[in-house]
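K.L.:
Okay, handing you the structure first.
The values are calculated or read from the model by the stated rules, or taken from the named source; none is laboratory data. Please read these numbers as outputs of a predicted model, since none were measured by experiment. Counting neighbours? That spans all protein chains shown, and the Cβs are built from the backbone with ideal geometry, glycine included. Accessible surface is based on the protein model in full, side chains and every heavy atom, while ligands, DNA and RNA are left aside. Shrake-Rupley method; radii C 1.70, N 1.55, O 1.52, S 1.80 Å.
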Amino acid sequence: MTTPLRKKERELAKMSPFEIKDELIKLAKQDARKATGQYLNAGRGNPDWIATAPREAFFLLGQWALSECTRTFRMEPGIAGVPQSEGAMDRLKHFVMVNSTLPGAMLLHESIKYCTETLGINPDALAYEWAEGIIGDEYPTPVRMLEHSENIIRAYMAKEMGDNAPGFGREYDLFATEGGTAAMCYIFDSLEVNHLVNAHDKIALMTPIFTPYLEIPGLDRYQFDVVNIEANEVNSEGVHLWQYPDSELDKLRDPSIKLLCLVNPSNPPSYKLSEHSIRKIVDIVKHDNPNLMIVTDDVYGTFADHFRSLMYELPQNTICVYSFSKYFGATGWRLAVVGLAKDNIYDRLLSDQPELQQKDLEHRYRTITPHPESLSFIDRMVADSRAVALNHTAGLSTPQQVQMDLFALMCLVDTEDIYKAAMQKMIHHRLDNLWEGAGFKLLPDSDRVGYYSEIDVMVWGRQLFGDDFCKWLEENHEPLDVVLRLAKETSVVLLNGSGFAGPDWSIRASLANLTSDDYLTIGKAIRHILEAFHADYIASTQPDEK
């Protein structure tokens with residue numbers, strides 16, 4: 001029977017889980033005020049850690065850059081000149097040596113050595129770009145990304161996204177953006193305005209997936225026909241493996257599917273694509289759908305061992321989005337890059353468009369180049385990010401790009417991956433505690449990353465209490481009841497997995513923003529709610545006493 005409460009819950013379930021969380025937070029805080037438990041919010045994946053060394057280096061570098069300005073000239077009240085390039089590296093090295101005992105000095109020393117010796121960057125040019133960049137006295141030039149920042153981030157991407165791909169990824173162009181969310185907006189925008197994907201075209205999403213990838217295609221502007229590629233593989237006991245069976249991947253053989261979007265490792269449930277799935281996708285693209293455009297969001301790839309993005313497996317087809325927000329605890333910095341191979345199908349598809357469309361696009365970009373037809377797709381994306389007319393003032397702020405450099409350089413000089421090991425150990429411990437508290441069995445899996453965990457309540461309800469209980473649960477409750485009851489009765493906020501196109505009765509926990517002990521508590525809360533549902537089931541099936 002559909003009660004008013006169930007009707008309301010079904011309406012809520014149509015909303016983004018990130019919007020539902022506000023209601024959950026309200027319920028959880030009400031319960032906490034009643035002193036029935038502490039308020040624990042594991043709904044949003046904002047890290048509770050920061051990387052210290054690159055920030056220490058940033059602020060130390062800023063002191064040097066300011067001294068470079070006052071060296072040019074200084075006058076009252078607090079006015080100085082701008083940095084000068086000649087001899088800048090010698091002055092930076094001297095500054096680092098004099099301040100060698102200060103936090104950040106060692107990373108600056110190692111970074112300078114790596115950039116000049118390994119990447120072959122001109123020393124004075126590097127020091128000048130950093131000085132001007134961190135001071136922020138000039139517009140970003142080039143607008144797509146500062147020259148040496150691009151070289152540094154290419155090397156970082158080759159190491160972290162390409163499992164030490166050879167050549168430092170020099171065959172890629174990068175576009176620095178205001179976080180991964182801006183990158184998503186820019187990509188969808190440019191695909192649409194350049195007629196590479198049009199309204200009612202067919203696109204594929206590898207699900208479960210970060211909610212905006214589900215929501216953006218349905219906007220009036222896009223109205224894409226969406227095909228879900230579902231990670232619905234299970235083992236013999238019905239436990240999710242969060243990988244894609246061949247029958248799902250085979251959907252991509254349809255050449256009418258123009259675009260594929262994925263988050264790898266997934267969000268949720270935080271598993272990287274298996275080697276089998278990667279090989280399968282590569283084979284499908286090469287033999288059945290060579291013009292398939294791919295957008296891969298690889299923000300969690302740095303938490304995995306030997307991660308290799310589709311950016312390096314299918315370079316001509318793939319646009320990669322990488323954000324620095326999670327790995328370095330830098331969501332407030334808004335740092336990301338879009339990567340695209342210099343040799344790519346996007347530029348070819350643009351050149352193959354009908355004459356009428358090409359004329360339309362030449363008119364759009366005519367103010368920024370005398371030859372708009374030769375403008376690459378990634379440079380069109382930069383222009384589109386500023387409504388074309390403001391292309392000359394496009395670009396991520398230069399201080400942001402310098403901080404991005406230092407985040408990347410910390411990892412490039414960390415040849416033993418000490419930071420990565422510490423990150424992995426921390427989130428894996430939290431994950432283990434979550435599942436231990438719930439009393440569920442976490443199967444070993446080398447593809448699991450663990451930044452999030454997606455738990456299907458129906459799977460574990462069936463294993464613990466049987467099919468009849470699960471049938472009763474489906475008939476008498478809405479899936480959203482799980483997260484609502486968690487918030488109301490235990491002051492724990494988790495998100496509904498259905499909001500990510502996951503299983504209806506799944507819940508998603510972030511392992512990023514609470515202590516290990518908190519996750520033990522959350523696990524126990526999940527088990528408590530499941531057992532409470534079971535107690536209701538037992539009570540409902542008992543014969544009435546007369």
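K.L.:
Ignoring the sites themselves, what is the longest stretch of the chain with no chymotrypsin sites (Phe, Trp or Tyr not before Pro) in a DSSP loop and at most 16 other beta-carbon atoms within 10 Å?
P.N.:
No qualifying site falls inside 74-546, the longest such stretch.
K.L.:
What is the list of residues in the stretch 350-374 whose amide nitrogen lies under 15 Å from a point 7 angstrom out from the Cα of HIS392, following Cα to Cβ?
P.N.:
366-370
K.L.:
Next up: Order HIS276, HIS534, HIS148 by their accessible area, 1.4 angstrom probe, all chains in place, largest first.
P.N.:
HIS276, HIS534, HIS148
K.L.:
Taking H as built 1.01 Å from N, whose amide H comes closer than 5 Å to the amide H of LEU259, not counting residues under 5 places away?
P.N.:
ALA204, MET293
K.L.:
Taking 8 Å as the Cα distance limit and 6 or more residues as the minimum spacing, I'd like the relative contact order of the stretch 263-414 as a percentage.
P.N.:
15 percent
K.L.:
Assuming 0.692 mPa s and 37 °C, estimate D for the chain with Stokes-Einstein, Rh taken as the Kirkwood radius over Cα pairs, in µm²/s.
P.N.:
Answer from the Stokes-Einstein relation: 129 µm²/s.
K.L.:
Using the Cα centre as the reference, give the magnitude of the dipole from point charges on the C-beta atoms of the chain (Lys, Arg: +1; Asp, Glu: -1; all else neutral), rounded to the nearest 20 debye.
P.N.:
940 debye
K.L.:
With everything on Cα atoms, drop me the angle between helix 179-193 and the longest principal axis of the chain, reported from 0 to 90° to the nearest 10.
P.N.:
It works out to around 90 degrees.
K.L.:
Hey, what did the chain get for relative contact order, percent, Cα under 8 Å, at least 6 apart?
P.N.:
22 percent
K.L.:
So, with a 1.4 angstrom probe, what is the percent of accessible area on the stretch 50-158 that is carbon and sulfur?
P.N.:
55 percent
K.L.:
Starting from the residue with the highest accessible area, list SER247, SER446, SER491 in decreasing order, probe 1.4 Å.
P.N.:
SER446, SER247, SER491
K.L.:
How about the stretch 413-477: which trypsin sites (Lys or Arg not before Pro) there are in a DSSP loop, with at most 16 other Cβ atoms within 10 Å of their Cβ?
P.N.:
Loop-located and lightly packed - LYS441.
K.L.:
Could you tell me which of LEU260, VAL234, TYR312 has its Cα farthest along the dipole of the stretch 213-332 towards the positive end, charges placed at Cβ (Lys, Arg +1; Asp, Glu -1), taken about the Cα centre?
P.N.:
TYR312
K.L.:
Right, here's the next one. For helix 88-98, report the angle its Cα long axis makes with the longest principal axis of the Cα atoms of the chain; keep it between 0 and 90° and round to the nearest 10°.
P.N.:
Helix 88-98 sits roughly 60 degrees off the main axis of the chain.
K.L.:
With a cut-off of at most 11 other beta carbons within 10 Å, and DSSP calling the residue loop, which GluC sites (Glu not before Pro) in the stretch 463-546 qualify? Please list them.
P.N.:
Hits after loop and neighbour filter: GLU545.
K.L.:
Kindly rank 228-241, 252-265 from highest to lowest mean number of other beta carbons found within 10 Å of each residue.
P.N.:
Listed from highest to lowest mean packing, they are 252-265, 228-241.
K.L.:
Same structure again: What nm value, rounded to one decimal, do you get for the distance between ASN228 and HIS109 when each label is placed 7 Å out toward the C-beta?
P.N.:
5.5 nm
K.L.:
Let me ask another. In nm, what is the difference between 0.36 nm times the number of residues separating HIS94 and MET75 and their Cα-Cα distance?
P.N.:
My answer for the length gained is 4.4 nm.
K.L.:
I've got another one for you. Hey, what's the chain come to in accessible area per residue, 1.4 Å probe, Å²?
P.N.:
43 Å²
K.L.:
Measure nothing fancy, just the Cα-based angle from helix 355-365's long axis to the longest principal axis of the chain, in degrees from 0 to 90, nearest 10.
P.N.:
It works out to around 70 degrees.
K.L.:
Here is a follow-up. Using the Kirkwood radius over C-alpha pairs as Rh, can you work out the diffusion coefficient of the stretch 53-139 via Stokes-Einstein at 37 °C, viscosity 0.692 mPa s, in µm² per second?
P.N.:
After rounding, the answer is 250 µm²/s.
K.L.:
Still on this structure: Heavy atoms only, probe 1.4 Å: what % of the accessible area of the stretch 322-370 goes to carbon and sulfur, would you let me know?
P.N.:
Its accessible area is 51 percent carbon and sulfur atoms.
K.L.:
Please report the spacing between the Cα centers of the stretch 357-384 and the stretch 438-456 in Å, no decimals.
P.N.:
Centre-to-centre (Cα) distance: 46 Å.
K.L.:
Where the centre of each part is set by its Cα atoms, how far does the stretch 121-196 sit from the stretch 484-504, in angstrom?
P.N.:
Going from one Cα centre to the other spans 37 Å.
K.L.:
Give me the distance between the Cα centres of the stretch 40-66 and the stretch 296-328, rounded to whole Å.
P.N.:
Using only Cα atoms, the two centres lie 21 Å from each other.
K.L.:
Given an 8 Å cut-off on Cα distances and at least 6 residues of separation, report the relative contact order of the stretch 161-275 as a percent.
P.N.:
25 percent
K.L.:
Along its three principal axes, how long is the stretch 223-327 when you only count alpha carbons? Whole Å, largest extent first please.
P.N.:
37, 34, 29
K.L.:
To the nearest 500 deg cm²/dmol, what mean residue ellipticity at 222 nm is calculated for the chain from DSSP H runs of n ≥ 4 alone, each contributing -39,500 (n - 2.57), summed and divided by the residues?
P.N.:
That comes out to -14500 deg cm²/dmol.
K.L.:
List the GluC sites (Glu not before Pro) within the stretch 279-380 that fall in a DSSP loop (any state other than H, G, I, E or B) and whose Cβ has at most 13 other Cβ atoms within 10 Å.
P.N.:
none
K.L.:
For MET106, MET157, write out the residues from largest to smallest accessible area, computed with a 1.4 angstrom probe and no ligands counted.
P.N.:
MET106, MET157
K.L.:
To continue, here is another question. Using the beta-carbon distance between GLU475 and LEU349 and R0 = 56 Å, what value does 1/(1 + (r/R0)^6) give for FRET efficiency, to the nearest 0.05?
P.N.:
0.65
K.L.:
Give me the distance in nm between label points sitting 7 Å out from Cα along the Cα-to-Cβ direction at PHE18 and GLN63, one decimal.
P.N.:
Output for this residue pair reads 3.8 nm.
K.L.:
While we're looking at this one, here's another question. Taking a spot 7 Å from the Cα of ASP137 along the direction of its beta carbon, which residues of the stretch 88-112 have an amide N less than 14 Å from it?
P.N.:
Residues 88 fall inside that zone.
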